[in-house]
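Chemist: Please read through the structure below; I'll follow up with questions.
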Amino acid sequence: MFGQQVKVLFLAAISLVISTWYLMPMPAALAELDSKRGTTTDDLLAIRDIKTMSVSPNGNYVAYQVVVADKDNNDFNVSWYVASTKSDVKPLMVADGSEVGDLRSSSGSPIGGIGFSEILWSPNGEWVYFTKKANNQVQLWRSHRSRYGQEQVTHSAADVEGPKFSADGMKLFFAVGRSRAEINEANLENARQGYLVQDPPVYSVEKGPYWPPCSDARERWDQETNLSRRCLLTIMALDIETGLERMATVDEVEAYYAEADTSVNAIVRRGMLKGQNRLMETMSNDGKRLAWFENEDPAIFQGYYPPMWVTVSDENQNVRCQVAACQSTRPQKIWWSRDGNEVIFMLRNGPRNTLSSLYGWTPGEDKVRSILSSDDMFFDCTIVENSLICGHETWTSPRKIVSVDLDGGEIKTIADMNPEFQDFSFTNIEKIIGEDAYGNKAHAHLVYPKGYQDGHRYPMIIVQYRSNGFLRGGTGDEQPIHVFAQNGFVVLSFDSSEGEYEDKTADPLDVQIKYLKYAMVDRGPATAIEYMVDLLVDRGIVDPDRIGIAGLSHGATTLDTAIINRNYGAASTAYSVMSPPNFDFSSDSFWGKSMNGAFGGTPFSPIGFETRAKNSVGVNASRINTPLLIQVADREYFITKQNYNALKDAGKSVEMYIYPDEYHVKWQPAHRYMVYTRNIDWFNFWLRDVEDAVPGKVEQYKRWHILKKQHQSNMQMLSAER
């Protein structure tokens, strides 16, 4: 139950907060169609995920990669399809098969799972080229657009990325980093002589050797400060006719970097927009005018996600669109219309950038043409004549490929790999815009339970921490939102609030310090959740005694700050590096400096120790009375056992599972299924007094009944103390 303390805080701030809530109108009817069934965990596991896509040069076809989890074999089925953008012909599978990749973060940390395939069309639109992992190496393969079959194109000693054709289509360029033999030899040598402990790390007990990505020779972006481990990408050229590979010439390298982003650096630039004054420069078809998004004021907005305005070069001068709709901190893409008279652009705007909006602007005019504005999400859009070809998700629909008409914004499906979702019954969904205790915006989606009735209070599960597009399972995909709703839960799919420093702070360390302090010490996201919960309780939707909370990574941090200060009906977590919070980071490392800045000092300085202890689940275990389920990757167990042991020693209701060969986000389908199922069982048990009758779960419920008696005893003692 939420206590008097939060009520006082809420009432003190409600006059400010309530004016900023944006609530979709209350649904008039919440009945589902009897002829349809709701989604199940099996349905979610069987989703055919469209991962990457590429439109052919003539715009007539789109090629895309599809990944499907196979929980029974604990593997994935990977395939590549080609669909027509002009007709209703059924998409054709042209290739399949891929090994689980050494998927890595931009810092070189292994994260497991299937790698995203880079897809490239031949200039004549006949062949689809794509990166694929086979025989433990990533190479370029190709398939003809009109038939099934695949052939290996490159035979590089290093993994391949960033493919691009020459202007005449006779050469194929690609980038490579360290060779596989070089990495293997270095790993063997280091294993014999030991790895020197240093920062950035070269080895992790949990994740093995670290190999930072090689950097872009043009921009020389490099996160690696250890000079001995730095390397530059090498650009290679493949002769299409002979199949011979060679190093690209100086002129070819210059041309390559002028028009192509390699995969690693493209990922970096998408997530790190620090100091960007121009983004997405696009030339008109006649080659006379350029359009781009431009930083509003580089002298002021030197940091991440600055306000960007649509700008064009027109008759040797730059013209900025002055209409408010032309500005966003989240620009998506910009194009020229077919006749070159209008700039078409997409951005995220509206309350807390929750809308995808598409506009047209004729340079020189003081108005824009609104084409589309939607809560839907659009991905990887390409302009084809008078349409955009995009990936598209709704709150109740996994990604499909669509065309968006640029005259009226009509959406037409090109390829739907999950048509069965049209036959599922989904409950009503309401978008909420709120604030935290510091005035920062936050938003969430309120998913109503099956059979919802006005005037009846329901148990609720809070899922974190990104909420947009298809509402699947929260960050990490561990909490099956629509399945929870089918089980009678209200679900609050919460998207974390953000600090106001975001677009003015240039120093990455400063950004990290401020955000960690905001999230872990000031409890910013947790206060936003509490305000939303109080509003839903006041609206008569939620039972205040039956509220659960879940979270992974940053969501686990928010969960920690929540359960230290409030008692929830139940919680489920998969811990993150920030959650304990850790005392064992080197003060010379980026994370160590970040933690020291957020907590006011080094771990064992007086203020640093005191602030960490105040926000540590382990230190505050005796105060915590939220039944906690922990489902952790084996590689993150070391940061979890502190809290688990402390809660066990304090006599609290806690249970933990360890999943082998997992990373920060669990990638194995069998594990994802068990995480889904166990979370449903856990919240049903604690918040609805419902147990699954499957015989194999008898022992599970025996343990949980012991935990429940323990919890009831703890609550009685707490009540007596008050």
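The values are calculated or read from the model by the stated rules, or taken from the named source; none is laboratory data. Everything numeric in this text was worked out from a predicted model, so none of it was measured. With ideal geometry, Cβ positions are generated from the backbone for all residues, glycine too; neighbour counts draw on all protein chains shown. We work out accessible area using only protein heavy atoms, side chains counted, and drop any ligands, DNA or RNA first. Shrake-Rupley method; radii C 1.70, N 1.55, O 1.52, S 1.80 Å.
Chemist: Rounded, prolate or oblate, given the Cα gyration tensor of segment 540-662, with a/c below 1.5 counting as rounded? Don't skip to the answer; put the middle values down first.
Modeler: Numbers: a/c = 1.86, a/b = 1.43, b/c = 1.29.
Note, shape of segment 540-662 comes out prolate.
Chemist: How large is the accessible surface of K593 in square angstrom, using a 1.4 angstrom probe and rounding to the nearest 10?
Modeler: Counting only protein heavy atoms, K593 exposes about 100 Å² to solvent.
Chemist: Express in Å², to the nearest 10, the accessible area of I50 obtained by rolling a 1.4 Å probe over the protein heavy atoms while all chains stay in place.
Modeler: The accessible area comes out at roughly 10 Å².
Chemist: Any idea what % of Cα-Cα pairs in the chain are farther than 38 Å? Numbers along the way, then the final one.
Modeler: Numbers: 105829 of 260281 pairs.
Cα-Cα pairs of the chain separated by over 38 Å account for 41 percent.
Chemist: Based on DSSP H runs of at least 4 residues, each adding -39500 (n - 2.57), what is the mean residue ellipticity at 222 nm of the chain after dividing by all its residues, to the nearest 500 deg cm²/dmol? Working shown, then result.
Modeler: Details: 14 runs with 161 residues, N = 722.
Counting only the DSSP helices, I get -7000 deg cm²/dmol.
Chemist: Let me ask something else. Using only the Cα atoms of segment 290-409, build the gyration tensor, take square roots of its eigenvalues as a ≥ b ≥ c, and label the shape rounded, prolate or oblate: rounded if a/c is under 1.5, else prolate if a/b is larger than b/c, else oblate. Spell out each step's value before the answer.
Modeler: Values: a/c = 2.06, a/b = 1.27, b/c = 1.62.
Oblate shape, in that a/c is at least 1.5 and b/c is the bigger or equal ratio.
Chemist: Send over a whole-number figure in Å² for the accessible area per residue of segment 292-424, probe 1.4 Å. Could the numbers behind the result be given before it?
Modeler: Details: 5370 Å² over 133 residues.
On a per-residue basis, 40 Å².
Chemist: Using only Cα atoms, locate the centre of segment 627-665 and the centre of segment 111-166, then give the distance between them in Å, rounded to an integer.
Modeler: For segment 627-665 versus segment 111-166, the Cα centre distance is 40 Å.
Chemist: Student exercise: in segment 49-188, how many lysine pairs 8 or more apart or on different chains have Cα atoms under 22 Å apart?
Modeler: 11
Chemist: Another question, then. For segment 582-722, report the accessible area per residue in Å² (1.4 Å probe, heavy atoms, rounded to an integer).
Modeler: On the way: 6740 Å² over 141 residues.
On a per-residue basis, 48 Å².
Chemist: Placing unit charges on C-beta atoms (Lys and Arg positive, Asp and Glu negative, everything else neutral), compute the dipole magnitude of the chain about its Cα centre in debye, rounded to 20.
Modeler: Values: 73 positive and 92 negative charges, 346 e Å.
With Lys and Arg at +1 and Asp and Glu at -1, about 1660 debye.
Chemist: Which residue, chosen from L45, T557, V82, occupies the Cα position most advanced towards the positive end of the dipole of the chain, where the dipole is computed from +1 (Lys, Arg) and -1 (Asp, Glu) charges on Cβ about the Cα centre?
Modeler: Sorting the options by dipole projection puts first T557.
Chemist: With labels modelled as points extended 7 Å from the Cα through the Cβ direction, what inter-label distance (nm, one decimal) is found for Q710 paired with D423?
Modeler: Here the modelled spin labels are 4.6 nm apart.
Chemist: Follow-up. What distance in nm separates the two pseudo spin-label positions at T362 and K412, each 7 Å out from Cα along the beta-carbon direction?
Modeler: In this crude label model, T362 to K412 measures out at 2.6 nm.
Chemist: Same structure again: Sorted by accessible area with a 1.4 angstrom probe, largest first, how do S493, S54 fall?
Modeler: Working: S493 0, S54 25 Å².
Result of the area sort, largest leading: S54, S493.
Chemist: Another question, if that's okay. Have a look at L629, M417, N277 and report the one farthest towards the positive end of the charge dipole of the chain, computed about the Cα centre with Cβ charges (Lys/Arg +1, Asp/Glu -1).
Modeler: Most positive-ward Cα: L629.
Chemist: So how strong a dipole does segment 139-249 carry about its Cα centre when Lys and Arg Cβ are +1 and Asp and Glu Cβ are -1, to the nearest 20 debye?
Modeler: 200
Chemist: A further question follows. On a 1.4 Å probe surface of the protein chains, which of Y438, Y64 comes out largest in accessible area, and what is the full order?
Modeler: Values: Y438 120, Y64 0 Å².
Solvent-accessible surface, decreasing: Y438, Y64.
Chemist: Continuing with this model, one more query. Tally up the carbon and sulfur contribution to the accessible surface of the chain as a whole percent, 1.4 Å probe, everything protein left in place. Let's see the in-between values first.
Modeler: On the way: 15810 of 31190 Å².
Answer for the chain is 51 percent, counting heavy atoms of protein chains only.
Chemist: Helix 590-599 versus the longest principal axis of the chain: what is the Cα-based angle in degrees, 0 to 90, to the nearest 10?
Modeler: Once rounded, the angle reads 40 degrees.
Chemist: Which order do D510, D545, D88 take when ranked by solvent-accessible area (1.4 Å probe, heavy atoms of all protein chains), largest first? Provide the component values of the computation, followed by the final result.
Modeler: Details: D510 50, D545 80, D88 130 Å².
Descending accessible area places them as D88, D545, D510.
Chemist: Between R539 and D96, take the C-beta separation as r, use R0 = 56 Å, and let me know the FRET efficiency to the nearest 0.05.
Modeler: 0.70
Chemist: Going by the alpha-carbon gyration tensor, a ≥ b ≥ c the square roots of its eigenvalues, is segment 34-139 rounded (a/c under 1.5) or, if a/c is not under 1.5, prolate (a/b greater than b/c) versus oblate? If you can, show how the numbers build up before the last one.
Modeler: On the way: a/c = 2.19, a/b = 1.07, b/c = 2.03.
Oblate, since a/c reaches 1.5 and b/c is not below a/b.
Chemist: While we're here: Treat every Asp and Glu Cβ in segment 599-679 as -1 and every Lys and Arg Cβ as +1, leave all other atoms uncharged, and give the resulting dipole magnitude about the Cα centre to the nearest 20 debye. Intermediate values should be presented prior to the final figure.
Modeler: Details: 10 positive and 7 negative charges, 40 e Å.
Around 200 debye, computed over segment 599-679.
Chemist: Using only the alpha-carbon atoms, how far is helix 250-259 inclined from the longest principal axis of the chain? Give it as 0 to 90 degrees, nearest 10.
Modeler: 50
Chemist: Work out the FRET efficiency for S373 and R320 from their Cβ-Cβ distance, taking R0 = 22 Å, and round it to the nearest 0.05. Walk me through the numbers before you get to the answer.
Modeler: Working: r = 22 Å, r/R0 = 0.99.
According to the calculation, E is roughly 0.50.
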